[in-house]
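Structure first, commentary second.
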Amino acid sequence: MPDVTLTTLQSLKHNGEKIAMLTCYDATFSQAASQAGVDVLLVGDSLGMVLLGHDSTLPVSVADMAYHTAAVKRGNQGALIISDLPFMAYATTEQALANSAALMQAGAHMVKLEGAAWLAEPIRLLAERGVPVCAHLGLTPQAVNILGGYKVQGRQEAQARQMRADAMALEQAGAAMLLLECVPSELAAEISQAVKIPVIGIGAGAATDGQVLVLHDMLGLSLSGRAPKFVRNFMDGQPSIADALNAYVRAVKDGSFPAAEHGFSA
Ligand code: KIV
């Protein structure tokens, strides 16, 4: 059992304390990040882009996710580990159950799925069978070909209304956590208030219950040379990676990250 559990995260939300989450893909960074006080390590399918050099997350397989989840588990010093179910690994309920089992057996404590209210049924079945689920709304990178690029979601009123309804439906179905990516700050604040489960943001403003960044982005590493607007380079002014990880946790916990400039307006 990790030191940080679902109950810990619920108490942090309840007490108005921020949750620090970071992506992680290997044992060494898992040890460093968990020792720095990162509450949640996300084995994101972003590994397809930042580790493997693909131009999207679509080529990532369940075997890739299980391999990196097992590595993160080996280095972890008490954080909660969430693993992404990759593209098409939960297209049917049977796939969602079998592939979640593979990730949980590799070391995940929770799985993350991208999508809206259509996920209610698999989320309910997973939760009933002992698998906590984080639901990912807003910019869902596995749907990049439907969305027409990596764009802010929820700017139009109809879209915003739908996202609020989806968040409520997913909580109702049994989701243990929500992740909002590239959502206007005001909308993310409303959703965080409306649901009881912890809401983690990335490019979703300062009012969510916690923050996540891609590890490589916050260390100032990028294949394209361009960081998204919502990223701060925590290596700036820091002598070591351990100091940068500590600075990230501090800034999330004291609310100084993200600043207004990292968010999006409607
Ligand atoms: O795959 C990932 O790293 C993610 C984060 C961008 C939230 O889902």
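Each reported figure results from applying straightforward, stated rules to the coordinates on display, with no laboratory input. Just so you know, these numbers come straight off a predicted model, no measurement behind them. Cβ coordinates were reconstructed from backbone atoms using ideal geometry, including for glycine residues, and neighbour counts include every protein chain displayed.
May I ask for the net charge around F230, where only other residues with Cβ less than 11 Å from the Cβ of F230 are counted and Lys, Arg are +1 while Asp, Glu are -1? Its environment carries a net charge of -1.
Tell me what the chain gives for mean residue ellipticity at 222 nm when only DSSP H runs of n ≥ 4 count, each as -39,500 (n - 2.57), the sum divided by the residue total, rounded to 500 deg cm²/dmol. Can you show the working numbers first?
Working: 11 runs with 107 residues, N = 266.
Per the formula, -11500 deg cm²/dmol.
The HN-Hα couplings worked out from phi for the range 135-144 by the Karplus form 6.51 cos²θ - 1.76 cosθ + 1.60 (θ = phi - 60°) are 9, 10, 10, x, 6, 10, x, 5, 9, 4 Hz, whole numbers, x standing for Gly and Pro. Multiplying the residue separation of E17 and D243 by 0.36 nm and removing their Cα-Cα distance gives an extension gain of 79.2 nm. Relative to one another, the C-alpha centroids of the range 108-138 and the range 199-250 are positioned 25 Å apart. Spin-label pair Y150-R226: with each label point 7 Å from Cα along the Cα-Cβ axis, the two points sit 0.9 nm from one another.
Each of G107, A158, G37 was placed along the dipole of the range 32-187 (beta-carbon charges, centred on the mean Cα), and the one lying farthest toward the positive end is G37. The charge dipole of the chain, taken about the Cα centre with unit charges on the Cβ atoms of Lys, Arg (+1) and Asp, Glu (-1), comes to about 140 debye, rounded to the nearest 20.
Non-local lysine pairs in the chain, meaning eight or more places apart or on different chains, with alpha-carbon distances under 14 Å, amount to 4. Between D26, D84, D254, the Gaussian network model of the chain with springs among Cα atoms under 10 angstrom shows the greatest mean-square fluctuation at D254.
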